[in-house]
Amino acid sequence: MPEIKVVRIHAGERQERTTTSGTKAWQLFADDAEVIAARVGGQLRDLAHELSDGDEVEGVAIDSADGRDILRHSTAHVMAQAVQQLWPEAKLGIGPPVENGFYYDFDVETPFVPEDLAKIETAMRKIIKEGQRFDRRVTTDADAIRELQDEPYKLELIGLKGSGHAEGAAEGAGVEVGAGELTIYDNVRRNGDVAWSDLCRGPHLPTTKRIPAFKLMRSAAAYWRGDEKNKQLQRIYGTAWESKEALEEHLHRIEEAERRDHRKLGRDLDLFSFPDEIGSGLPVFHPRGGVIKRAMEDYVRQRHIEEGFEYVGTPHIAKEGLFYTSGHLPYYGEGMFPALDVDGMDYRLKAMNCPMHNLIYRSRQRSYRELPLRLFEFGSVYRHEKSGVVHGLTRVRGFAQDDSHSYCTPEQAPEEVEHLLNFMLSVLRDFGLDDFYLELSTRDAAKDKFIGSDEDWATATQVLDDVATRTGLELVPDPGGAAYYGPKISVQARDAIGRTWQMGTVQYDFNQPSADRFNLEYVAADGSRQQPVMIHSAKFGSIERFLGVLVEHYAGAFPPWLAPVQVQAIPIAERHNDYLFEVAKRMKPLGLRVEVDDSDDRMQKKIRNAQLQKVPFMMIAGDDDVEAGAVSFRYRDGRQDNGVPLEEAIERVAAAVAAREQV
């Protein structure tokens, strides 16, 4: 057989190898059981892929990001096979890997119940034990249509492939069909019989036996292709990991996340609610939640002023034409609420503040000496989010942004972007979020989604890339994730249990200031009129989302400077009430938030109530304390110092608040 030369890449090492034609990728990694797929010429392939002369072949480990996706997608196939074994009439939708797991949609007559998931898991274990081989098979559209004639949703995807719109047809559609050839994966038993088949692009594990650990999590309703006008299917969610230990760790993280769920803690701590009478995704803040919200607003307002921003205010609605000028209606119209008829004219609830800030900039002639001009407001905006994605405070329909826009010369833009990014990172650190990385969202090949010239996009992207690189933080590319008007940097922060949240953004905009948009100008030093660059930035992103993240990060136990009640004063007996009311009276002028529990509950019950409300400090007073002008100073974690002089106790609280430290 003729010889071929390939390069084996694994664990950062490159090895040139001479082998024979017909060699499969698995043969290069036969000594490494962790490798479950290969990247050949930059493309993910099955280990059964036949190599060609000159191929560069990199092993994909099961515990890598790509390896986990492949594991989870293969597990989704096994789940779908089990479902059709148990419910032969079930029709298949889409089954992609997602973050930390996978799902598959099914058209079944009766919704799944928890007992059904247990049956499916049992059937899956049998399939896994059989060691069925995942076998890739190239087919034609016509042959696939004949083979899948009883699978209407697969036929629809094949039809969309023919029109070139398959990958964007629905979440996860890209795992089924896309550009290039059409493929089906067969699950083949050891005797050569085909047990089950599915339309799929792959790649997959070599066999089902390579699935080490999985669990089905829940079922839910989901509209086909995410469209409420389509039929409602049943979606089963699951997770799969490279080891039983990794699965157990994941399940523990889920338990911890449930304990920290801001929706539950919001109720328990009386912070906020979502009244049905107001509508989905429209929160109201209760007094205690309002304290946190006000502390956040006061902090970030003062920080903006210190960083050279000028405070402005704009209305909640505007004439529809404004959002055509900005480009929001043509490029973001689905995210805006329908038009309102006002005196026979169409108005819109604003989804962004930037168009109105542009009008403030344009209200008079600007000189280069004024730049950078920095405008800031707490702007209330409204997004027409689909009901299926609305989630507590982290995905709402009405929210306030700490929104700023910097107008500067092109030469000033790099320095202004760096200023904004450092400002944002310092805000996160002050709120106790100090583990983060950056994501650079750029334009992709689908240029109809974006406006502006290639040159402008290249310049803007390079500015953001350079600034992000100088921070020394990890920088992750996000092709296609840019706003329609320009690229952006987003800060991705990890919380106390390692989950990632998108926080604030810095966006470079050369489009809205242009002559065919808002025609923004400044008079340059030579007297000519020039177009400024506009930099969008929101440090919190939104106050609501940021607060939701903080609730989960701290599990409701806020640092004292944010805690709704900083000190719970607890009298041992009724005769000590007046003493503690006087203590509270001394503390309130210092800006400290104190409540006296003068209820009829016993002292231990009062302490327990304060702990449940996650109050950072307790001051307990009995006869000896009153006589000595002291208190027993108790911390949230149960530590207690007795006989602390009153001045010292107050100073402990004030110092912790001033330092924004956690206790």
Whole Å is fine, so just give me how far the alpha carbon centre of region 312-384 lies from that of region 283-309.
23 Å
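Taking the Cα centre of region 198-244 as origin, work out the dipole magnitude from +1 charges on Lys and Arg Cβ and -1 charges on Asp and Glu Cβ, in debye rounded to 20.
Values: 10 positive and 4 negative charges, 23 e Å.
Approximately 120 debye in magnitude.
Hey, which of these cross-link pairs are over 24 Å Cα-Cα: Lys449/Lys539; Lys161/Lys229; Lys264/Lys585? All intermediate terms of the calculation are to be shown ahead of the outcome.
On the way: Lys449/Lys539 26 Å; Lys161/Lys229 21 Å; Lys264/Lys585 33 Å.
Violating the 24 Å limit, Cα to Cα: Lys449/Lys539; Lys264/Lys585.
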Given 0.36 nm per residue, what is the gain on full extension from Arg137 to Thr183 after removing their alpha carbon distance, in nm?
16.0 nm
Segment Asp466-Asp227, extension gain: residue separation times 0.36 nm, minus the distance between their alpha carbons:
82.1 nm
Under a point spin-label approximation (7 Å from Cα along Cα-to-Cβ), what is the Asp516-Glu455 distance to one decimal in nm?
1.5 nm
Mean shadow area of the chain, taken as a quarter of the surface of its Cα convex hull (nm²):
38.1 nm²
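What does the charge count near Val467 come to, summing +1 for each Lys or Arg and -1 for each Asp or Glu among other residues with Cβ under 10 Å from its Cβ?
Numbers: positive: Arg470; negative: Glu415, Glu416, Glu418, Asp465, Asp466.
Net charge around Val467: -4.
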Take each of the peptides 19-29, 353-363, average the number of other beta-carbon atoms within 10 Å over its residues, and list them starting from the highest.
353-363, 19-29
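Using the Cβ atoms and a cut-off under 11 Å, what net charge is assigned to the surroundings of Gly504, where Lys and Arg are +1 and Asp and Glu are -1? Spell out each step's value before the answer.
On the way: positive: Lys488, Lys539, Arg545; negative: Asp402, Asp403.
Net charge around Gly504: +1.
Per residue of the chain, what 222 nm ellipticity follows from adding -39500 (n - 2.57) for every DSSP H run with n ≥ 4, rounded to the nearest 500? Intermediate values should be presented prior to the final figure.
Values: 17 runs with 208 residues, N = 663.
After summing the helix terms and dividing by residue count, I get -10000 deg cm²/dmol.
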Looking only at lysines whose Cα falls under 19 Å of Lys129's and that sit 8 or more positions away or on another chain, we get Lys119, Lys209, Lys215, Lys244
Could you give me the ³J(HN,Hα) list for region 417-430, computed from phi with Karplus coefficients 6.51, -1.76, 1.60 and θ = phi - 60°, whole Hz, x at Gly and Pro?
4, 5, 4, 5, 5, 5, 4, 4, 5, 5, 4, 4, 5, 4
With label points set 7 Å from each Cα along the Cα-to-Cβ direction at Asp435 and Ala524, the distance between them in nm comes to 4.8 nm
Zone of Glu13's modelled label, taken as backbone nitrogen in region 20-41 under 14 Å from a point 7 Å along Cα→Cβ
29-32
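Using 1/(1 + (r/R0)^6) with R0 = 35 angstrom and r between the beta carbons of Val312 and Leu282, what's the FRET efficiency to the nearest 0.05? Spell out each step's value before the answer.
Numbers: r = 25 Å, r/R0 = 0.70.
Plugging the Cβ-Cβ distance into 1/(1 + (r/R0)^6) gives 0.90.
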For Lys154, go through the lysines and keep the ones whose alpha-carbon is under 17 Å away, minus same-chain ones fewer than eight residues off.
Lys91, Lys231
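In percent, how large is the relative contact order of the chain, given Cα pairs closer than 8 Å and 6 or more residues apart?
Working: 1265 pairs, mean separation 57.4, N = 663.
Averaging sequence separation for qualifying contacts and normalising by length gives 9 percent for the chain.
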Note down the nm distance, to one decimal, between modelled labels 7 Å out along Cα→Cβ at Gln662 and at Asp341.
5.4 nm
Residues in region 636-660 reached by a label modelled at Asp624 [backbone nitrogen below 13 Å; 7 Å Cα→Cβ]:
641-645
For the chain, with only Lys/Arg (+1) and Asp/Glu (-1) charged at the beta-carbon, what is the dipole magnitude about the Cα centre, in debye rounded to 20?
700 debye
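Could you tally the net charge around Glu377, taking each other residue with its Cβ under 9 Å from the Cβ of Glu377, Lys/Arg +1 and Asp/Glu -1? It would help to have the intermediate numbers written out before the result.
Values: positive: none; negative: Asp402, Asp403.
Charge balance near Glu377 sits at -2.
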Region 11-123 - percent relative contact order, Cα under 8 Å, separation 6 or more:
17 percent
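If I compute solvent accessible area with a 1.4 Å probe over the protein chains, what percent of it on region 179-241 is carbon and sulfur?
42 percent
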Amide proton proximity set for Gly481, modelled H, under 5 Å, gap of 5+:
Thr442
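How high is the FRET efficiency from Gln43 to Asp448, r the C-beta distance, R0 41 Å, rounded to 0.05?
FRET efficiency, Gln43 to Asp448: 0.95.
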Relative contact order of region 522-616, defined on C-alpha pairs under 8 angstrom at six or more residues apart (%)
28 percent
Cα-based shape type of region 271-321, given that a ≥ b ≥ c are square roots of the gyration tensor eigenvalues and the cut on a/c is 1.5
oblate
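The values are calculated or read from the model by the stated rules, or taken from the named source; none is laboratory data. Just so we're clear, the structure is a prediction, and the values are computed from it rather than from any experiment. Reconstructed Cβ throughout: ideal geometry from the backbone, glycine too, with neighbour counts over all protein chains shown. Only protein heavy atoms, including side chains, enter the accessible area calculation; ligands, DNA and RNA are left aside. Shrake-Rupley method; radii C 1.70, N 1.55, O 1.52, S 1.80 Å.
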